[in-house]
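Below is one structure, written out as structure tokens; the observations come after it.
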Amino acid sequence: MGKSSSKAADLLAVRADEHEIIAAPNKLQVKVGANIRSEKNPVPMAEFVLEKDKPNFEPRFEADMRALIALFQKMQDTSEYDLSLLIVKTHEIRGEAGTFGYNLVTEIGRMLCEFLPTVDRVGTTEQLAIAAHLQAMQTVVSDKVKGQGPEVARQIIAGLKMIIGKSEA
């Protein structure tokens, strides 16, 4: 038993000489400040950062949605659809929208992200379905429909589900 533990120690000593420790920069700490570790409860700090960023969300969201709609329009113009890229961009937008209380955008984005992988070929019905989802996401924030939204929000979801159903038929 003593012999194998000595062998293990020798092996560890050799391995210790074979590696290099690299100190990676802490990008999060640079963004939120150097005192983040001194905060005993980071939740108030996170809430403060979100509250501070809230006024910037809607203009940024609208710019992101215009870019996403323009990307989809370009895909339509060229008939070259990168559905994976649409999923990535939609997923980014829906995540941020949920953070700022736009749960309906998150739900519409989720539906679109689940629909796109089922599309084998983008025909007229699929184009309409994608465009309807993108327009609905943009409208929810433009009209400032927060939370799950009023009855009109449920109607939007029902309408989008119907469009997806037609596409899958």
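The values are calculated or read from the model by the stated rules, or taken from the named source; none is laboratory data. For clarity, every value in this text was computed on a predicted model and none was experimentally measured. FYI the Cβ positions are ideal-geometry reconstructions off the backbone, even for glycines, and counts take in every protein chain you see.
Counting only residues that are in contact (Cβ under 8 Å) with a residue 12 or more places away in the chain and part of a helix (DSSP H, G or I), segment 115-132 holds 12 of them. Residue pairs whose Cβ atoms lie under 9 Å apart, sitting 6 or more positions apart in sequence or on different chains, and linking a residue in segment 47-74 that is without any contact (Cβ under 8 Å) to a residue 12 or more places away in the chain to a partner that is of a type in the set (G, A, S) and surrounded by 10 or more Cβ atoms within 10 Å (Cβ to Cβ), are Q73/A131. Considering segment 61-94, the residues that are under 19 Å from T106 (Cα atoms) and surrounded by fewer than 13 Cβ atoms within 10 Å (Cβ to Cβ) include one that is nearest to the chain's Cα centre (by Cα), namely V88.
From the set of residues in segment 67-119 that are farther than 19 Å from I157 by Cβ and hydroxyl-bearing (S, T, Y), which is modelled with the lowest pLDDT? Applying the filter and picking the extreme gives T99. Each residue in segment 83-114 was checked for being among the β-branched types (V, I, T) and closer than 16 Å to L160 by Cα, and 4 of them qualify.
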